[in-house]
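The values are calculated or read from the model by the stated rules, or taken from the named source; none is laboratory data. Since the structure is predicted, the reported quantities are computational estimates derived from the model, not experimental observations. For neighbour counting, all protein chains shown are included, and Cβ atoms are generated from backbone atoms with ideal geometry for every residue, glycine included. Areas reflect the complete protein model, heavy atoms only, side chains present, ligands, DNA and RNA absent. Shrake-Rupley method; radii C 1.70, N 1.55, O 1.52, S 1.80 Å.
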Amino acid sequence: MLQISLMLAWLLVEVPLDYIFKVDFRHTRWMIIGYVALFFTAPEACSVSPQPQAPLDRHGRILFRAMAVLAFVQLGLNGQ
């Protein structure tokens, strides 16, 4: 239940900020810290399964790490 709650919390923050109200929150440090914390916590929590050796757990962890690396690569390329 925690995994789904974290993913829904991220979606409930993402949709209004980016798509409905179009808030420019990426230039305010305290807002971006909270956003990034939810951004990385939500998919990681969803990749944790009750059985640690389950194939979905391994695939979820691999995809999460790829997402994290690509997020920092994009940051480096864009310089923002």
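The set of residues in region 14-30 that are aliphatic (A, V, I, L, M), under 21 Å from residue 75 (Cβ atoms) and at pLDDT 90 or above is empty. Inclusion of residue 10 among residues that are in contact with a Ser or Thr (Cβ under 9 Å, 6 or more places away or on another chain), open to solvent by 40 Å² or more (accessible area, probe 1.4 Å) and either within 17 Å of residue 71 (Cβ to Cβ) or modelled with pLDDT of 80 or more (or both) is warranted. Consider region 46-68 and keep the residues that are open to solvent by 90 Å² or more (accessible area, probe 1.4 Å) and in a helix (DSSP H, G or I). The one that is modelled with the lowest pLDDT is 56.
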